[in-house]
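Asks: Here it is, the structure, as structure tokens.
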Amino acid sequence: MTKTVKIGNRIIGGGNPILIQSMTNTKTENVEATAAQINQLTAAGCDIIRCAVPTMDAAKALKEIKKQVQIPVVADIHFDYRLAIAAMENGADKIRINPGNIGSLDRIKAVVDTARERNIPIRVGVNSGSLEKELVEKYHGVTAEGIVESALDKVKIIEDLGYDNLVISIKSSDVLMCAKAHELIAPKTGHP
């Protein structure tokens, strides 16, 4: 049992039904193509959509995309904290970051402060392909234990900044490792 988290007009965690999320493969800057794909996915049963936000134009496009779709939009951010802030300012219902690749604590804090102002959940994403070198060495390879430790370390960074409107995403292309990581992390956190 986890706490509940509100993403736009949807709620996850706490015994609520599992929601289906997909990700667009259009250039998010192309509002028409992205909105059309989101609406096709919605018709197919998608409940939440994630869009890559690699540029400031993509972040700004979210405002128009949101006007044309009915499901919550998650902004997928890599590296540039300014894109996370801009995505939230343009209507993202949730952001996906890995605090480890956002940069300094000041940059992470700027993202968290914006999320707090708008009560936007942060999805902390960690995957086996980007596991920190120290954890690979500690666990003698990429392991479920390493993935869990990495995720909990990233969550702690944000919790230490006084924010806990979080969702954890841990994944691996190794299905059994992924299942084991989920089994290991579940009793260690109340975040969905």
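Asks: Take the alpha carbon atoms of region 1-48, find their center, do the same for region 167-192, and report the distance between the two centers in whole angstrom.
Replies: Each part reduced to its Cα centre gives a spacing of 20 Å.
Asks: Continuing with this model, one more query. In a Gaussian network model over the chain where Cα atoms closer than 10 Å are linked, find which of HIS182, HIS140, HIS78 has the largest mean-square fluctuation.
Replies: HIS140
Asks: How would you classify region 1-123 from its alpha-carbon gyration tensor, with a ≥ b ≥ c the square roots of the eigenvalues: rounded for a/c under 1.5, else prolate if a/b is greater than b/c, otherwise oblate?
Replies: Oblate shape, in that a/c is at least 1.5 and b/c is the bigger or equal ratio.
Asks: Can you list the lysines whose alpha carbon is less than 17 Å from that of LYS156, not counting same-chain residues fewer than 8 positions off?
Replies: By straight Cα distance, LYS156 reaches LYS3, LYS109, LYS188.
Asks: Given a 1.4 angstrom probe, what's the average accessible area per residue across the chain, in square angstrom?
Replies: Using a 1.4 Å probe on heavy atoms only, each residue of the chain averages 49 Å².
Asks: Any idea of SER104's accessible area? Nearest 10 Å², probe 1.4 Å.
Replies: Surface accessible to solvent at SER104 totals approximately 60 Å².
Asks: Moving on. Taking square-rooted eigenvalues a ≥ b ≥ c of the alpha carbon gyration tensor, is region 124-182 rounded, prolate or oblate, where a/c under 1.5 means rounded and, failing that, a/b exceeding b/c means prolate?
Replies: On the way: a/c = 2.70, a/b = 1.56, b/c = 1.73.
The shape class here is oblate.
Asks: Among DSSP bridges having both ends in the chain, what percentage is antiparallel? Round to the nearest 5.
Replies: 15 percent
Asks: Once neighbouring chains are kept in place and the probe is 1.4 Å, which whole percent of the accessible area of region 1-132 is contributed by carbon and sulfur?
Replies: 51 percent
The values are calculated or read from the model by the stated rules, or taken from the named source; none is laboratory data. Note that the structure is a prediction, hence the values are computed from the model and not measured. Only protein heavy atoms, including side chains, enter the accessible area calculation; ligands, DNA and RNA are left aside. Shrake-Rupley method; radii C 1.70, N 1.55, O 1.52, S 1.80 Å.
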